[in-house]
Amino acid sequence: FQEAFFPQFFSEQEIAFRKSLQTFIINHKYPVVFSSKNALTHFHRIYGPQNCKEFVLNFAVTHPSIAHLESSTVLNKYEIDRPFFFAPNQFWIHKNHIVILKALVELIQTQPNILIVFSGKESDYRNPDYFNSIKSFVEEHNLNKHVKFLGFIDRDEQLLLIKESVCILQPSLFEGWSTVIEDAKAFNKFIIASDIEVHQEQLNQNYLLFNPGSADELVEKILFFLNQTPKIEPNNYAQCVNKFGLEFMKIIDSITKD
């Protein structure tokens with residue numbers, strides 16, 4: 001339902017198409033599975049009570065083994081030569097990369113070795129100039145020594161970089177249920193994320209939240225992380241995967257009984 005909250009990120013045609021799909025589902029009274037309670041709340045806010053079965057299923061991720069990868073080989077490949085924060089998000093405008101870069105302008109004054117690594121598809125069909133504007137900002141503020149853009153990389157390498165990072169950054173303005181956060185949780189990584197409602201629902205340990213419209217607040221959270229080095233609380237992510245499977249089967253059972 002992103003188009004209902006950020007219509008400026010969409011064309012009128014795409015908004016109409018999305019709404020037509022949603023009303024099709026409603027009119028046919030299909031069962032609907034939402035990835036979060038937040039998404040279900042949005043559904044009710046936009047369409048009101050509906051006569052269809054509604055379910056919330058918080059997905060969990062499963063990862064391939066990355067034991068075959070040597071950390072040093074991958075880090076050398078991408079010329080990552082020091083501890084780094086990692087923001088593995090495709091370059092769509094709602095992912096809000098710019099707030100990280102605005103924070104970085106201030107951070108380099110006291111943290112001259114700070115490094116932010118970005119990975120993800122570097123094109124947005126809705127906003128084709130977005131990535132170029134990001135690169136221009138980096139050039140204008142002399143951030144090249146503190147930023148690496150890796151582009152769309154192999155999934156195994158992305159997972160290894162999550163594992164090797166000091167912290168994951170997730171500044172998104174809107175999410176359904178963030179895969180980036182689930183990946184980070186699976187590796188017991190600390191996360192600094194935007195304080196949108198779905199992130200509040202999704203995170204329960206090893207995190208800090210910030211206002212995604214405030215670079216200054218992100219600076220505060222990153223400095224707190226660097227100065228305090230918060231202790232990581234162990235997370236048995238296998239339990240999340242198991243719960244996801246059980247909840248999925250309950251939903252299937254409920255639907256097929258009708």
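Angle of helix 12-27 to the longest C-alpha principal axis of the chain, folded into 0 to 90 degrees and rounded to 10: 40°. Peptide packing for 214-221, 51-58 was compared via the average number of neighbouring C-beta atoms within 10 Å per residue; ordered from the highest value, the list is 214-221, 51-58. Taking the longest Cα principal axis of the chain as reference, the axis of helix 237-257 is set at about 20 degrees. With contacts taken as Cα pairs under 8 Å and at least 6 residues apart, the stretch 30-82 reaches a relative contact order of 39 percent.
Computed about the Cα centre, the dipole magnitude for the stretch 101-215 is approximately 240 debye when only Lys and Arg (+1) and Asp and Glu (-1) carry charge, each at its Cβ.
Computed on the stretch 108-258, with alpha-carbon pairs under 8 angstrom and 6+ residues apart, the relative contact order is 16 percent.
Report, to the nearest 10°, how far helix 130-140 tilts away from the longest principal axis of the Cα atoms in the chain, using its own Cα long axis and a range of 0 to 90°. That helix lies at roughly 20 degrees to the long axis. The ellipsoid that matches the Cα gyration tensor of the stretch 3-117 has semi-axes, each √(5λ) in whole angstrom, of 40, 21, 13, with the longest given first.
Computed from the C-beta positions of Ala238 and Arg45, the FRET efficiency with R₀ = 35 Å rounds to 0.50. The mean sequence separation of alpha-carbon pairs under 8 Å and at least six residues apart, normalised by the residue count of the stretch 74-176, gives a relative contact order of 42 percent.
Under the convention that each Lys and Arg Cβ holds +1 and each Asp and Glu Cβ holds -1, the size of the dipole of the chain around its Cα centre is about 500 debye. Applying 1/(1 + (r/R0)^6) with R0 = 45 Å to the Cβ-Cβ distance of Ser214 and His28, what FRET efficiency is obtained, to the nearest 0.05? Approximately 0.60, to the nearest 0.05. Farthest toward the positive end of the dipole of the chain, out of Pro83, Ser254, Phe6, is the Cα of Ser254, where the dipole comes from beta carbon charges about the Cα centre.
Coordinate-derived values only; no laboratory data. Owing to the predicted nature of the structure, the values given are computational and were not obtained by experimental measurement. Positions of Cβ are generated from backbone atoms using ideal geometry, with glycine treated the same way; all protein chains shown enter the neighbour counts.
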